[in-house]
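Here is the structure we will look at, set down as structure tokens.
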Protein chains: 2
Amino acid sequence: MKEFFTARTVGEARAGFRPARRTAVEDVGLAEALHRVPAADVRAPAEMPGFARSTVDGYAVRAADTYGASEGLPSYLDLAGSVRMGAAPTAVVSHGTCVAIPTGAALPDGADAVVMVEYTAETMPGTIEVTRPVAPGSGLVRADEDVAAGDGLVRAGRPLRAPQLGLLAAAGVTVVAVYARPRVAIVSTGDEVVPPETTTLAAGQVRDATASALTGLIGDAGGEAVQVGIVPDDRDALQATLCAALAVNDLVVVSAGSSVGARDETAGAVAALGEIWCHGLAVKPGKPTLLAECAATPGASTVPLLGLPGNPLSALVVFRLVGVPLVWRLAGCELPPPEPTVRARLGRDLASATGRLDVVQVAVRDGVAEPLFGPSALLSVLARADGYVVVPEPATGLDGGTEVEVILYR
Amino acid sequence: MKEFFTARTVGEARAGFRPARRTAVEDVGLAEALHRVPAADVRAPAEMPGFARSTVDGYAVRAADTYGASEGLPSYLDLAGSVRMGAAPTAVVSHGTCVAIPTGAALPDGADAVVMVEYTAETMPGTIEVTRPVAPGSGLVRADEDVAAGDGLVRAGRPLRAPQLGLLAAAGVTVVAVYARPRVAIVSTGDEVVPPETTTLAAGQVRDATASALTGLIGDAGGEAVQVGIVPDDRDALQATLCAALAVNDLVVVSAGSSVGARDETAGAVAALGEIWCHGLAVKPGKPTLLAECAATPGASTVPLLGLPGNPLSALVVFRLVGVPLVWRLAGCELPPPEPTVRARLGRDLASATGRLDVVQVAVRDGVAEPLFGPSALLSVLARADGYVVVPEPATGLDGGTEVEVILYR
């Protein structure tokens, strides 16, 4: 049992606990690719749009034929045909002629510009009057102006966003190699914990709140939560459950019991399965957090394990801080997508201890972030909180009225 | 065909185009409830935790027995037993006795406080020395301190967040009545548009980028996208497709063709199926937007229809502005969850016209938001943009260096 009592700051944990494990790579279609993490850069197979294209409704021309044109002295061009949307042009533009073209259509051969219809008039059938000069290249995009062949479309390790799915579709890339969703086992422990479905509680019993809330956070982080169930405070039973979970998951999360004794049992079971990297995180709430690399059998590839405090609110705080980045990292993403935030003035003073990160739940109204206090065991804070404020390690607190960033629940 | 040419601002469209349609209400389990919208307030069926509970490891006592206790003159109490986690207490606290209790266990009868183990010592087996006085109620939470029976747990119309799933689980509420995911049909139009799977493009053809990007945005907004396919620029064909889509969906989105003629065809087909509320939105890019209430058959319940510009980037801008709130509204949510944002200094001046909302794609580096320009037809902007900046209707532009809020893609 190594480094059993090593306590760390949240910053140290994020920078230092970096499991090497990654999920397998799998191919998915664009309809399933939202927020998934590409395993490799994707490059454009060909230039785009692939043909010179008009960006206006008007007439394809030789720019030189319009030089000097004005309202008073228009250029007159013979209409040599028209281009249909989606079809290769059949007409050709030669000196003194033009071809009608809609926005988005392919530029006919011979043309080097498109005059907007607003600056033209068909004064006689077949004759187009142009009242403004255009420069070569105006009113169109080049065949490779959007994307050149081989240009990067999306980058490995960056979760795919909706607009990028459009870009991939436009390039004809309809299948993307992405990291599989990390499978995250949730092991609930505690003699007092019963399933949420329990209709009537006996004195001393509590329903498992943590597993349901973690399932949501894991889903938001692109993972697949697997609720393993509730294990009593018994080291052998816990060790057997952890062992089974380690064999088939990418991350194992244990909500350790609330009492000191139950937490010691958890730490003992974890220590028997691997190496504890940190036991004790300098965060309030959340101090009893445990980080380890474990293996189902000696020599098997290691799986990160996160031991959370028994109190549900504390467990959620810690999972947001260190669990969510871990889930993204297992899927090949070092920089998780941004969370929604809002700036607000703090409703009152917040005390904090140097060297410890404090996470304070707040309700936001009219630009004021009002801290929600009460015994840490209270779940109802979660119903009223719009988000939380972080008081960083070096600070000794924040004064009421200070502008703070609230990380919003979504 | 009423109000065919009514142009609106984005603010007017959001405030004034308010379809009455809502999706059906369905019951879902907590594992499927993340970001779903409750159709009714959910109240606590019973008080929580449901029993007076210790919040520390220590000894349950009668507070009066500890008054005056100090290091120099401790109170001595007889140990009358212990409480097990998850079990109803069997021991009782009477005058001069105490009961060992772990964090989270039920307070035994007769006790009114819990002394932390740190302020006690078992000097002789069966005798506990208390070195600090405690007040009644300290070291515990009351049976209804977290939630009273009938208290609101979550509110109708507010998408469920991960922490709230934990609160519901704790209360034993494992099934929630929520609005069904809105079904959103995506109709792509244009003679030039071909499916993304098309390997080789003929001159003039473009792959359908908009449908894939919209599918992502619709998913983010809690909707279920249904890609209906690509319809050529033919009013009858489009009208038939729209009619079929209106019959089985909660919202129909049409990416109108790029050319003026194609857009007129779309407006004509829509006008035949219902009432056009606005044609022309004062936004750049995105002016040719169309909003309507249509019905598959005369007298059938109306379905909102959103006609988007043919250019994919413009289509996405408009869908974020007016489509996303519509999808949430169909699911009973008036106030969509917050988007991630970041403050940054504008990298250069942005011009804008009064009365028009401008949406400018930006890349954010080191606190600077650099506008990404180029012909609006360019999709590659989407690969480089981290988000966008909105220049509101009254403004005539923004100076470089101004602090702006960037709405980030996630």
Quiz item: Which residues of the range B:363-410 bury at least 30 Å² of accessible area once all protein chains are present, versus their chain alone (1.4 Å probe)?
Solution: B:Pro375, B:Ala377, B:Leu378, B:Leu379, B:Ser380, B:Leu382, B:Ala383, B:Tyr409, B:Arg410
Exercise. Provide B:Val327, B:Val364 ordered by accessible surface of protein heavy atoms (probe 1.4 Å), highest first.
Key: B:Val364, B:Val327
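Using a 1.4 Å probe on protein heavy atoms only, how many Å² of accessible area do B and A hide from each other, summed over both chains and rounded to 100? List each step's numbers first, then the result.
Values: alone 19110 and 19150 Å², together 32180 Å².
Chains B and A together bury roughly 6100 Å² of accessible area.
Inside 10 Å of the C-beta atoms of B:51-63, what's the mean count of C-beta atoms belonging to other chains?
2
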Quiz prompt | Estimated inter-spin distance, A:Ser301 and B:Thr199, nm [label 7 Å along Cα→Cβ] | solution = 3.3 nm
Quiz item: Once amide H atoms are placed 1.01 Å from N in the peptide plane, what residues at a sequence separation of 5 or more from A:Ala369, or on another chain, have their amide H within under 5 Å of its amide H?
Solution: A:Arg345, A:Leu346, A:Gly347
Exercise. Can you send over the solvent-accessible area of A:Ile407, 1.4 Å probe, protein chains only, in Å² to the nearest 10?
Key: 30 Å²
Exercise. Just tell me how shielded A:337-348 is by partners: mean number of partner chain Cβ atoms within 10 Å of each residue's Cβ, no decimals.
Key: 3
Exercise. Kindly identify residues of the range A:257-284 having a loss of at least 10 Å² in accessible area between the isolated chain and the assembly of all protein chains, probe radius 1.4 Å.
Key: A:Ser258, A:Ser259, A:Val260
Self-check item: Accessible-area order (highest first, 1.4 angstrom probe) of the listed residues B:Glu293, A:Glu118
Solution: A:Glu118, B:Glu293
Practice problem: With all protein chains present, calculate the accessible area of B:Arg183 using a 1.4 Å probe and round the result to the nearest 10 Å². | Solution: 90 Å²
Exercise. Can you give me the P(r) profile for the range A:173-325? Cα pairs, bins 5 angstrom wide beginning at 0, each as a whole percent.
Key: 2, 10, 20, 23, 21, 13, 6, 3, 2, 1, 0, 0
Practice problem: Quantify how much of the Cα-Cα distance distribution of the range B:14-54 extends past 11 Å, in percent. | Solution: 79 percent
Practice problem: Treat each spin label as a single point 7 Å out from the Cα along the C-beta direction, and report the B:Glu118 to B:Glu334 distance in nm. | Solution: 4.8 nm
Exercise. Scan chain B for the residue whose Cβ is closest to the axis carrying it onto chain A, then write down that distance in whole angstrom.
Key: B:Pro340, 2
Quiz item: So what are the three principal axis dimensions of the range B:82-140 from its Cα atoms, in whole Å, longest to shortest?
Solution: 27, 25, 21
Exercise. From zero up to wherever the largest Cα-Cα distance of the protein assembly as shown sits, split into 20 Å bins and tell me the percent of pairs in each.
Key: 14, 41, 28, 13, 4, 1
Exercise. Could you pull the copy-to-copy label distances for A:Glu275, with points set 7 Å along Cα to Cβ, in nm to one decimal and sorted shortest first?
Key: 7.1
Quiz prompt | Projected-area mean, the range A:329-410, by convex hull of Cα positions, square nanometres | solution = 6.6 nm²
Exercise. Report in % the part of the accessible area of the protein assembly as shown that belongs to carbon and sulfur, leaving out ligands and nucleic acids; probe 1.4 Å.
Key: 52 percent
Quiz prompt | Alpha-carbon centroids, the range B:94-143 and the range B:380-410: separation in whole Å | solution = 60 Å
Exercise. With θ set to phi - 60°, apply the Karplus curve 6.51 cos²θ - 1.76 cosθ + 1.60 along the range A:90-106 and write out the HN-Hα couplings as whole Hz, x wherever there is a Gly or Pro.
Key: 9, 6, 10, 9, 10, 3, x, 10, 9, 10, 5, 8, x, 3, x, 7, 6
Quiz item: For A:Asp399, B:Asp358, A:Asp151, what's the largest-to-smallest order of accessible area, 1.4 Å probe?
Solution: A:Asp399, A:Asp151, B:Asp358
Practice problem: Please give the residues from the range A:201-244 for which the solvent-accessible area of heavy atoms, probe 1.4 Å, is smaller by at least 50 Å² with all protein chains in place than with the chain isolated. | Solution: A:Ala203, A:Gly204, A:Arg207, A:Ser212
Quiz item: For B:Arg365 and B:Asp27 in one chain, what is 0.36 nm times their gap in residues minus the Cα-Cα distance, to one decimal in nm?
Solution: 117.2 nm
Quiz item: Okay, helix-only estimate at 222 nm for chain B: each DSSP H run of n ≥ 4 adds -39500 (n - 2.57), divide by all residues, round to 500 deg cm²/dmol; what do you get?
Solution: -5000 deg cm²/dmol
Self-check item: Other-chain or far-sequence residues with amide H under 5 Å of A:Gly387's (modelled H)
Solution: A:Val362, A:Tyr409
Exercise. Give the accessible surface of the protein assembly as shown per residue, rounded to a whole number of Å², with probe radius 1.4 Å and ligands, DNA and RNA excluded.
Key: 39 Å²
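Which FRET efficiency, nearest 0.05, do A:Ala244 and B:Arg384 yield, Cβ-Cβ r, R0 60 Å? Please list the in-between numbers first.
On the way: r = 46 Å, r/R0 = 0.77.
For A:Ala244 and B:Arg384, the calculated efficiency is 0.85.
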Practice problem: Enumerate the amide H contacts of A:Leu79 below 5 Å, restricted to partners 5 or more residues apart or on another chain; note that Pro and chain-start residues carry no placed amide H. | Solution: A:Cys98, A:Thr127, A:Ile128
Self-check item: Overall dimensions of the range B:144-208 as given by Cα atoms, namely Rg and Dmax in Å
Solution: 23.7, 72
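Sequence gap at least 6, Cα distance under 8 Å: using those rules, report the relative contact order of the range B:86-128 to the nearest whole percent.
Numbers: 32 pairs, mean separation 15.3, N = 43.
Reported as a whole number, the value is 36 percent.
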Self-check item: For B:Asp236, label point 7 Å along C-beta direction: distances to other copies, nm
Solution: 8.1
Practice problem: Against the globular-protein guess of 2.2 N^0.38 Å, express the Cα radius of gyration of the range A:163-244 as a ratio, rounded to two decimals. | Solution: 1.63
Exercise. For A:Val248, tell me the accessible area in Å² from a 1.4 Å probe, rounded to the nearest 10.
Key: 90 Å²
Quiz prompt | Fraction of the pair-distance distribution of the range B:1-82 above 18 Å, Cα-Cα pairs, percent | solution = 75 percent
Quiz item: Relative contact order of chain A: what whole-number percent is it, with Cα pairs under 8 angstrom and at least 6 residues apart?
Solution: 17 percent
Self-check item: chain B - Rg (one decimal) and Dmax (whole number), Cα, Å
Solution: 31.2, 96
Self-check item: Hits among aspartates and glutamates - C-alpha to C-alpha of B:Lys284 under 14 Å, sequence gap 8 or more where chains match
Solution: B:Asp358, B:Glu393
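The values are calculated or read from the model by the stated rules, or taken from the named source; none is laboratory data. Quick caveat, the model's predicted, so the values are computed rather than measured. Reconstructed Cβ throughout: ideal geometry from the backbone, glycine too, with neighbour counts over all protein chains shown. Accessible surface areas use protein heavy atoms only, side chains included; no ligands, DNA or RNA. Shrake-Rupley method; radii C 1.70, N 1.55, O 1.52, S 1.80 Å.
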